């Protein structure tokens with residue numbers, strides 16, 4: 001078991017871990033946009049690690065080059081797909097992107113200069 | 001390339017994991033097929049079907065059939081998926097409310113015995129196929145022994161363009177007939193299945209096109225060239241080229257033209273004509289019909305086939321007589 | 001050891017796929033189902049690369065290349081054509 005194999009195995013297993021993380025995000029996040037966010041980022045990082053794993057073991061350089069091209073095309077496809085799906089979701093009116101709510105700020109404990117919330121500053 | 005090994009090896013741990021992979025794939029494929037048929041929501045059924053195509057490609061890969069995996073990926077997952085989604089969009093735009101299935105399901109006493117009967121039929125065929133003893137002297141074995149006469153080492157290409165070249169010739173005729181049939185029907189439908197130029201302004205799509213379309217041309221030519229010794233060939237290359245064309249249609253770079261241009265007509269019939277001419281010339285000069293004389297002839301015919309398949313698939317997708325660059 | 005890690009990773013990714021099927025089947029909006037299709041595309045590419053290594057079939061890398069190239073087609077088809085009553089930004 002040479003060090004190449006150990007590194008390759010570690011890369012493969014961590015890639016798998018990122019894929020699992022992406023799927024957990026897909027199932028557990030509340031709306032389309034956060035799911036897209038989780039999926040696109042985690043899955044593409046996982047794909048990179050899985051492309052890198054076999055590339056470590058390969059002697060001919062063109063195979064590693066092919067794996068690199070596969071990953072980069074995957075990145076491009078995921079980027080454009082994510083944008084288009086989100087765009088369609090917004091414009092079909094089914095989903096509003098959630099406006100971020102200001103954090104709850106109790107007026108008594110809120111000191112104007114250190115509190116970053118806009119609502120808090122407007123109350124004092 | 002060694003001949004396929006018919007013996008069942010002893011089970012070791014990697015083989016058991018392989019069995020696990022196959023089991024998960026098989027269950028997922030069957031479940032997807034059930035969901036495709038049973039879904040009341042049309043979009044859900046369509047997407048299940050596309051995912052089914054993806055998993056079928058994996059199944060072909062597991063069965064050591066990369067040629068079929070290539071074809072399934074290009075056609076089943078790519079072009080068919082785009083076709084179904086565009087159709088869904090058209091239905092929505094026309095106000096057909098595709099969300100509800102209109103037909104009530106068949107009664108249970110009809111469905112269960114049919115499903116049970118079909119499953120038992122498939123299971124018994126599979127069991128018989130697995131139990132058959134390997135008989136010597138079958139056509140596959142003879143072809144495998146004589147494969148060097150054709151000049152290519154990929155057995156799929158040798159069969160498609162050498163041993164069973166007549167089938168491929170007739171398949172090209174079928175493809176052309178499909179195109180003509182589609183034109184005959186589509187005359188009555190509303191033209192303009194393709195998006196207008198407004199969609200061309202979405203920013204990321206331009207970058208996608210500028211990278212993917214040239215690469216699809218490159219990959220198509222690569223698959224054509226690789227078809228001699230490795231999985232690939234005219235059909236897979238043609239499907240990839242068609243996918244690039246479909247992408248151009250979907251993003252508004254190509255729009256429908258009212259007439260089939262001269263170049264498109266030539267490309268549509270090129271595969272059939274070149275293949276037939278090659279076969280007839282060989283016969284005229286003394287050989288058997290369609291016994292292509294060498295590797296160069298195979299590549300020539302495959303190039304013509306690739307161009308014909310690509311243009312036919314793109315024009316079928318666009319449902320238009322021709323295409324031209326969007327103004 | 002690689003002959004163990006490769007199929008195990010492939011099996012885990014396939015189980016991943018199977019779990020993602022829940023989102024395709026359940027997801028309330030079409031966008032949810034579409035993004036599960038995105039998951040499928042990427043995971044299938046990863047599984048194909050692993051199978052290419054494990055089953056010693058380098059042609060499966062070409063299949064993976066095809067998959068990534070076509071992955072965007074479905075999203076472009078889904079994002080769809082602007083209808084006449086949609087406003088352009």
Considering residues that are over 22 Å from residue A:57 (Cβ atoms) and at the interface with chain A (Cβ under 7 Å from one of its Cβ atoms), the number found within the stretch C:1-17 is 1
| Boolean, residue A:27 is modelled with pLDDT of 90 or more and either over 9 Å from the mean Cα position of the chain (by Cα) or farther than 14 Å from residue C:36 by Cβ (or both) | no
Screening B:77, B:61, B:93 for residues that are facing chain C (nearest Cβ under 7 Å), free of Cβ contacts under 8 Å to residues at least 24 places away in the same chain and surrounded by 19 or more Cβ atoms within 10 Å (Cβ to Cβ) leaves only B:61
Scanning the stretch A:69-81 residue by residue, those more than 7 Å from chain C (Cβ to nearest Cβ) and within 12 Å of residue A:43 (Cα to Cα) turn out to be A:71, A:75, A:79
Those residues of the stretch C:32-53 that are farther than 18 Å from residue B:84 by Cβ and more than 7 Å from chain B (Cβ to nearest Cβ) come to a total of 9
Flagged in the stretch A:22-36 as part of a helix (DSSP H, G or I) and in contact (Cβ under 8 Å) with a residue 24 or more places away in the chain, in numbering order, are A:22, A:32, A:33, A:36
If we take the stretch B:20-136, then helices (runs of 4 or more DSSP H) inside it with 1 or more residues that are farther than 18 Å from residue C:78 by Cβ and under 23 Å from the mean Cα position of the chain (by Cα) are B:42-62, B:66-71
Filter the stretch C:54-72 for residues that are buried (at least 24 other Cβ atoms within 10 Å of the Cβ) and more than 8 Å from chain B (Cβ to nearest Cβ); the one that is farthest from residue B:219 (Cα to Cα) is C:71
By residue number, the members of the stretch C:3-30 that are over 19 Å from residue B:56 (Cβ atoms), assigned to a helix (DSSP H, G or I) and without any contact (Cβ under 8 Å) to a residue 24 or more places away in the chain are C:4, C:5, C:8, C:12, C:19, C:22, C:23, C:26
What about residue B:244, is it in contact with a helix residue (DSSP H, G or I) (Cβ under 7 Å, 6 or more places away or on another chain), assigned to a helix (DSSP H, G or I) and over 30 Å from residue B:150 (Cα atoms)?
yes
Only one of (1) at pLDDT below 85; (2) buried (at least 19 other Cβ atoms within 10 Å of the Cβ); (3) within 26 Å of residue C:51 (Cα to Cα) does not apply to residue A:89, and that is (3)
The residue that is surrounded by the most Cβ atoms within 10 Å (Cβ to Cβ), considering only those in the stretch B:147-178 that are under 14 Å from residue B:233 (Cα atoms) and within 16 Å of the chain's Cα centre (by Cα), is B:157
- Filter pass, residue B:267 being modelled with pLDDT under 85 and in contact with a helix residue (DSSP H, G or I) (Cβ under 7 Å, 6 or more places away or on another chain): no
In the stretch C:18-31, anything facing another protein chain (nearest Cβ under 7 Å) and either over 15 Å from the mean Cα position of the chain (by Cα) or buried (at least 23 other Cβ atoms within 10 Å of the Cβ) (or both) is listed as C:20, C:24, C:25, C:29, C:30, C:31
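Here is a yes/no grid of residues against (1) more than 13 Å from every other protein chain (Cβ to nearest Cβ); (2) modelled with pLDDT under 90; (3) under 19 Å from the mean Cα position of the chain (by Cα):
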position: B:214; (1), (2), (3): no, no, no
position: B:222; (1), (2), (3): no, no, yes
position: B:252; (1), (2), (3): no, yes, no
position: B:273; (1), (2), (3): yes, no, no
position: B:281; (1), (2), (3): yes, yes, no
position: B:305; (1), (2), (3): yes, no, yes
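The values are calculated or read from the model by the stated rules, or taken from the named source; none is laboratory data. Every value quoted in this text rests on a predicted model; they were computed, and no experiment measured them. Neighbour counts run over all protein chains shown; Cβ positions are idealised from the backbone, glycine included.
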